[in-house]
Amino acid sequence: MYINIIANCNSSTNILKKDEKTFIVIFNEFFYIKYHLNKNYLIFYNKNNNSIILKLPTYTYKINKLNQNILNYNKVINFHFLGKIKFIGKSYKIKKKANVFFFYFNKSHVEFIFWKNFFFKKVKKNKIILKHISLKNIKYLKNFIIKIRPINIFNKRGLRNKRSTIYKKIGKKTA
């Protein structure tokens with residue numbers, strides 16, 4: 001029986017041997033998956049389609065399910081969702097230290113977010129990019145961050161989604 005492990009063009013593959021153990025590592029710049037192999041497997045690498053073929057010594061009746069699970073795990077590496085947040089305002093700052101983002105938005109206290117399994121990046125002075133494999137988690141975190149300092153409709157300062165249009169409300173007019 002054969003198992004195909006296919007890597008996308010955006011990811012790389014390494015086969016590592018340490019002592020008597022063999023590992024297959026599929027990775028890109030953000031994530032990696034490591035498979036631990038039994039020493040009875042025969043490993044073949046196909047350069048044409050960037051795939052690894054494992055030959056099993058015995059027949060297993062759930063080979064199709066195993067192939068599907070491996071394919072789903074490898075999709076996690078190559079596909080992720082983006083969320084973009086933009087902010088406008090005087091003296092609004094975002095600072096990143098290790099796994100914590102500190103938000104300085106002219107409040108009496110500093111707001112911060114500690115994340116796990118998310119990719120946060122401050123692109124410019126006023127832009128943040130979030131990456132994750134779950135769209136639901138991206139939407140939840142974006143809404144949570146935007147609620148820290150929502151847009152003020154009178155001066156258009158605050159946090160907003162990247163492509164949302166904001167209309168400025170005209171203030172009171174005196175006679």
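The values are calculated or read from the model by the stated rules, or taken from the named source; none is laboratory data. Note that this is a predicted model, so its numbers are computed, not measured. Note that each Cβ is placed from the backbone with ideal geometry, even for glycine, and that neighbours are counted across all protein chains shown.
Quick notes on this structure:
This table checks each residue for (1) farther than 22 Å from K65 by Cα; (2) assigned to a strand (DSSP E or B); (3) at pLDDT 75 or above.
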site: N4; (1), (2), (3): no, yes, no
site: C9; (1), (2), (3): yes, no, no
site: I15; (1), (2), (3): yes, yes, yes
site: T22; (1), (2), (3): yes, yes, yes
site: I26; (1), (2), (3): no, yes, yes
site: F30; (1), (2), (3): yes, no, no
site: Y35; (1), (2), (3): no, yes, yes
site: I43; (1), (2), (3): no, yes, yes
site: L54; (1), (2), (3): no, yes, yes
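- Contact map, the stretch 140-159: residues that are over 13 Å from F87 (Cα atoms) paired with residues that are basic (K, R) and part of a loop (DSSP other than H, G, I, E, B), Cβ distance under 9 Å, separation 6+ or inter-chain. Pairs shown: I153/K168; I153/K169; F154/K168; F154/K169.
- Residue tally, condition over 15 Å from the mean Cα position of the chain (by Cα), of a type outside the set (A, V, I, L, M), exposed (fewer than 13 other Cβ atoms within 10 Å of the Cβ) and not in a strand (DSSP E or B), over the stretch 105-155: 9
- Counted residues, the stretch 63-99 - those being under 25 Å from F27 (Cβ atoms) and without any contact (Cβ under 8 Å) to a residue 40 or more places away in the chain: 8
- Any hit, the stretch 58-80, residues being modelled with pLDDT of 80 or more and in contact with a Lys or Arg (Cβ under 7 Å, 6 or more places away or on another chain): no
- Note on the stretch 33-56: residues that are surrounded by 11 or more Cβ atoms within 10 Å (Cβ to Cβ), basic (K, R) and free of Cβ contacts under 8 Å to residues at least 24 places away in the same chain amount to 1.
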